[in-house]
Structure formats: structure tokens, C-alpha cells
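Novice: Here's a structure for you.
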Amino acid sequence: APYNIQNEIDNPLSAKCLYVLNQEFHYMGKGGQTYVFESADQKYVIKFIRYHKYKIPFWNEILNYLGLSSNNTNTAMKAKVNRYNLVMKSYKISYSFLSDISMVEYIHLNQTDFLNKKIIVKDKCSHKHLIDLDKVAFIIQRKVTGLAEGINENISDNNGEIRVHNIIDS
């Protein structure tokens, strides 16, 4: 993604994040916004942003440049740009103000040259890939129990109903 000053953060990588990044990661899955890889100790995940979701197709850019794009195309392109900006803001907010709730340990949203760190990730076929973290956007997050799993764990307990309500409220 292009460099954006609004995506910068002040905090450097902490010792905890450096520890996390010294592990191998294996593929867990993908969501609408990220690819997710789990750390070897199974305590953290690293999420790589799926930028292609926000990229305007090259042919749309050409049509726009030539003045041949329709209003619908222009509206769709603006919507992608707005969605990208909102998603980046939400990542920054989750790190800067809600890290205790979101479990986000670190975000890296711009290409940089100061991390000097490469990690190994295994894809779903267990093929290893070396990722230069200066070149990609990523989020380090503590791994937590999923919502369905958390509800199922608490529902059979005597006080489970109260905990389930608390989980849903949070």
C-alpha cells in the first residue's frame, strides 16, 4: 500500500513483540480484511492486511483517466478508498486506545526500512515463506478464544449464564 502519514505510530517494537516475531507462524485462515497466522507458542497471531480488497482495478484507473468511466464506477472507486481509510483508522484506534480490549500488541501499516526483521510463515500446505516485515502491513495480536468456543465453555457451568451474558455484552 502507498505510504500514508496518518498510518504512522510513535511506538517502536517492544521486547515482547520481538519475542513473538522470533517464532515461526502457521496459517490459520483468512477473514474479510486479513490473512491470519498463529505463532509457534500458540499465544499470538500475526495478521497481514489483504490490500487487494481495497485496490482499484487498473482498467478502472485507465477509464477514469480517459474520462470514460461511469458515475457508478466513480462511486465504487471512492467507496473503496473510503473503506480503506476507515479500516486503517480502526486498526490505529484498536492499537492506540483499545489495546487492552482488542489484544493488539503492535501495528505496522506502512512500508518502512527500520524493522530489519524477517519471519517465516507456513501456508496451509506447510510450505515455508520468508516475509520481510518492512515491506508489509501487519498486526500482532494476542490469541484469544473465539466467541462460539467461549460461549460453549461457559454455558455448561452453574454460573455460566452470567458469564455468557458478560461475553455477549463485551
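Novice: Once you treat every alpha carbon in the range 57-148 as an equal point and sum by Debye, what is log10 I(q)/I(0) at q = 0.11, 0.14 Å⁻¹?
Specialist: Ignoring solvent entirely, the Cα scatterers give -0.55, -0.81.
Novice: For the range 111-170, what mean projected area does the convex hull of the alpha carbons give, in nm²?
Specialist: So the mean shadow area of the Cα hull is 6.6 nm².
Novice: Report the local net charge at D123: Lys and Arg +1, Asp and Glu -1, summed over other residues whose C-beta lies under 14 Å from its C-beta.
Specialist: +2
Novice: What's the lysine pair count for the range 11-123 at a Cα cut-off below 13 Å, pairs eight or more apart or interchain?
Specialist: 6
Novice: Evaluate the Kirkwood expression for the hydrodynamic radius of the range 1-73, namely the inverse of the mean inverse distance over all pairs of different C-alpha atoms, and round to one decimal in Å.
Specialist: Over the range 1-73, the inverse of the mean reciprocal pair distance is 15.7 Å.
Novice: Also, quick follow-up: Please return the longest stretch of the chain lacking exposed loop sites, where trypsin sites (Lys or Arg not before Pro) count only if DSSP places them in a loop and at most 13 other Cβ atoms lie within 10 Å.
Specialist: 56-123
Novice: Sum -39500 (n - 2.57) across every DSSP H segment of at least 4 residues in the chain, then divide by the residue count to get the 222 nm mean residue ellipticity, nearest 500.
Specialist: The helix-only estimate for the chain comes to -11500 deg cm²/dmol at 222 nm.
Novice: Would you work out the Kirkwood radius for the chain? I mean one over the mean of 1/r across all pairs of different Cα atoms, in Å.
Specialist: By the Kirkwood definition, the hydrodynamic radius is 18.3 Å.
No value in this document is a laboratory result; all are computed from the given coordinates. All of these numbers come straight from a predicted model, not from anything done at the bench. Cβ coordinates were reconstructed from backbone atoms using ideal geometry, including for glycine residues, and neighbour counts include every protein chain displayed.
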